[in-house]
Amino acid sequence: MMIDRAESDRAKRSTSWKMSPRVVSRYWGTHAWAGIVTSLVIYVMFLLGSFVLFYQPLTVWEEPLKQEPARDVASWQRLADLGEPLPEQDIWIYAPQHERGLPKLGYFLPGTTAWRMWWLDDAAERVIPQREMAAAYVYDLHYLWHDVTGYWLQYGAGVMVFGFLLAIVTGVLIHLRKLVPQLHQFRIDRSRRVFWSDIHKVTGVFGLPQQLIYATTGALMALSPLLFKLSIQPVFGGDELRAVHTAGALVEEPPERDHGARVTPLTLDQLHARALAAEPRLEPEKLVLRGYKKHEGTVDFLGHVRGIAFGDGLVRVRARDGAILHVETPDRETAVGAVARWMHGLHTVEYGGLTARIMIFFLGMFGCITILSGNWVWLERRKARAASLGNTLLERLTAGVGGGAIVALGSLFLASRFIPLDWPSRPKQEELGLALVFFGCVAYALAGRSAVRTWWQLLATGSLIFAALPFAATRFSSRGLLGVGPRDEIVVGVELGFLLFAGALAAAAAVVRSARRQAVPATTPDSLVRESSAVSP
Amino acid sequence: MTELLCVALLYLASALIYATTRRRRTLQPAWASTRLSVAAARIAALACIASAFALWRTIEPGPAAFLVILTGQIVSGTLFALIAPVAPRLIACATALCLLAIPTLLSLGAVP
């Protein structure tokens, strides 16, 4: 009760110039509860999102096929023929990316949300099932997508991010008057509560622009399929095609429709030529075939448009006669399309190259610290009260999920280096390993006596696993740091990144362990009241 | 090299801003005690940020350059705020390295 009064008094002093104490108190409550409810899920999304920044390099690291130089795509039709027999639903064909590896073909298995891909080796006339999925799992789990759960978990993630946005907005409103001093106020010589509170505020206030950008764009991207479906009837009067045209890049997969009777379409190479005639600046990287051999079937040519920022474009041609149905480039797009393009470009960091990605990785890590330190502030503030099952659970879950997600991520990459490449159930085994390690860590934390001890143990374990990755990688590739073959700069870069991350985890584990040994004085109700005057709200 | 020079300039800007922040007197260098030196340091910090922006404009268009510079400033600022109180010597050494790196990169032709 004393804590609440102190908090309330402080809040009144800081913001009474603008808001009534009742409003301020509500902001405090909303900030704390929105943060606690969403924190662990959002933390996992932030952590995985930080690694997804390096999705392309990770796919090169994990798949030896992508470490070979690519051949130009001489014929799109030949690639499609290699994939025959193809099912009747939508088919995606990808050109080699970043001048590496082989083309790919993918589709959802009929009647399911299970996505499968195949490498197309047109020189050897063979099709190789995608055998390495570690980076893809990280990518999908970043927005809580999974074959089994389909869209509902992704929509749940979108809603959670709105909760996180609520925590950000209320946090800003509470600290509005003293926002600038929070940028440099980190007092290491005070109690644990002040320590966590300062870390929470420094990383939170500095990271505010990025957290707002990523939370807003991420929530909209996760919810866009749902928003699109809901808008077709009330906004577009049920005209699905007009809705698709208006939404532009906001909707990657328009709803299923009947494409009519079977016909003999033009070849993909003929359609490619028509698409380039319609938009010569387009550099097709991906084809989407929707009802290709049907009367109303279409082929989308997607790729970068030369000379335009975040400039992805699309040319849609009718498969049976090559008629141009839709051309979408940044200079032709609708207002919704422009918003979608900027949203996508901002969220996926289509600017700044590797330098920007490394810096945003740091920001992602700071975001993780903001989220978890918020939980710790909550716990420290409530430690002075009688012990409660909820707080004990939160403390252990924070340690279990916080450390466990890192250990599980490292284990996924490590497992991908030990399971034989030609084992058919390899992707499932990787996934199973990831889930087992994560839930094992959470169970360990729940059963443990000390959350701080669990923290440093999990951080140290994560450090060991990430440090082992360059050694394990030599099983499948000789192009890494420790390989005997010619070095590949991307593979070497990824492995250096793993080692640096391992070093950072080891340092964090050492700091947590030594802090535990130094026995920082526990926060008591009296000390809280004394400190409350020292802590800026 | 241009990217590295931008990062070094942003780091230096953060160092100058942090050194002249009144709240952290205990970590302030002796030279940052007069109003004139504080003002000069802050102008120098702004010049560093503006130079980094101008340099990145040679690589990418304005909006992208702005996003990169904003991100760089946030990262270096957060690192300063979190590491300086814990390991002031480490941060001072990094700043010294940065001061060496900027002329070295300039002499190596980092400005296109």
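Of the residues A:T30, A:T15, which single one is among the polar types (S, T, N, Q) and either modelled with pLDDT under 85 or within 20 Å of the chain's Cα centre (by Cα) (or both)?
One residue alone meets the criteria, A:T15.
Test each condition in (1) exposed (fewer than 15 other Cβ atoms within 10 Å of the Cβ); (2) away from chain B (no Cβ under 14 Å); (3) within 17 Å of A:F366 (Cα to Cα) for A:A215 and report the one that comes out false.
(1) is the only condition that A:A215 fails.
Quick one: count up the residues across region A:210-228 that are of a type in the set (V, I, T) and either at pLDDT below 90 or outside any helix (DSSP H, G or I) (or both).
The total comes to 0.
Mind checking which residues of region A:180-209 are outside any helix (DSSP H, G or I) and of a type in the set (D, E, K, R)?
Within region A:180-209, A:R187, A:D189, A:R190 meet the criteria.
Of all the residues that make up region A:250-268, how many are surrounded by 12 or more Cβ atoms within 10 Å (Cβ to Cβ) and modelled with pLDDT of 85 or more?
Here the count works out to 6.
Does A:D321 satisfy the criteria of being without any contact (Cβ under 8 Å) to a residue 60 or more places away in the chain, acidic (D, E), surrounded by 18 or more Cβ atoms within 10 Å (Cβ to Cβ) and more than 10 Å from chain B (Cβ to nearest Cβ)?
No; evaluated as a whole, the condition is false for this residue.
Being in a helix (DSSP H, G or I) and at the interface with chain B (Cβ under 10 Å from one of its Cβ atoms) is the filter here; which residues of region A:332-356 pass it?
A:W342, A:G345, A:L346, A:G353, A:L354, A:T355, A:A356
Starting from residues that are surrounded by fewer than 20 Cβ atoms within 10 Å (Cβ to Cβ) and over 18 Å from A:S20 (Cβ atoms), keep the ones in region A:173-182 and report whichever is nearest to the other protein chains (Cβ to nearest Cβ).
So, considering only residues that are surrounded by fewer than 20 Cβ atoms within 10 Å (Cβ to Cβ) and over 18 Å from A:S20 (Cβ atoms), the one nearest to the other protein chains (Cβ to nearest Cβ) is A:P181.
Cβ-Cβ below 7 Å, separation at least six or inter-chain, first residue in region B:87-112 and under 11 Å from B:A15 (Cβ atoms), second in a loop (DSSP other than H, G, I, E, B): which pairs?
B:I91/B:A84
Residue check, A:M359 against (1) crowded, with 19+ Cβ neighbours inside 10 Å; (2) more than 14 Å from every other protein chain (Cβ to nearest Cβ), all met but one. Which one?
(2)
Scan region A:486-513 for residues that are more than 15 Å from A:F51 (Cα to Cα) and among the acidic types (D, E) and jot them down.
A:D488, A:E489
The values are calculated or read from the model by the stated rules, or taken from the named source; none is laboratory data. Since we're looking at a predicted model, the values are computed, not measured. Note that each Cβ is placed from the backbone with ideal geometry, even for glycine, and that neighbours are counted across all protein chains shown.
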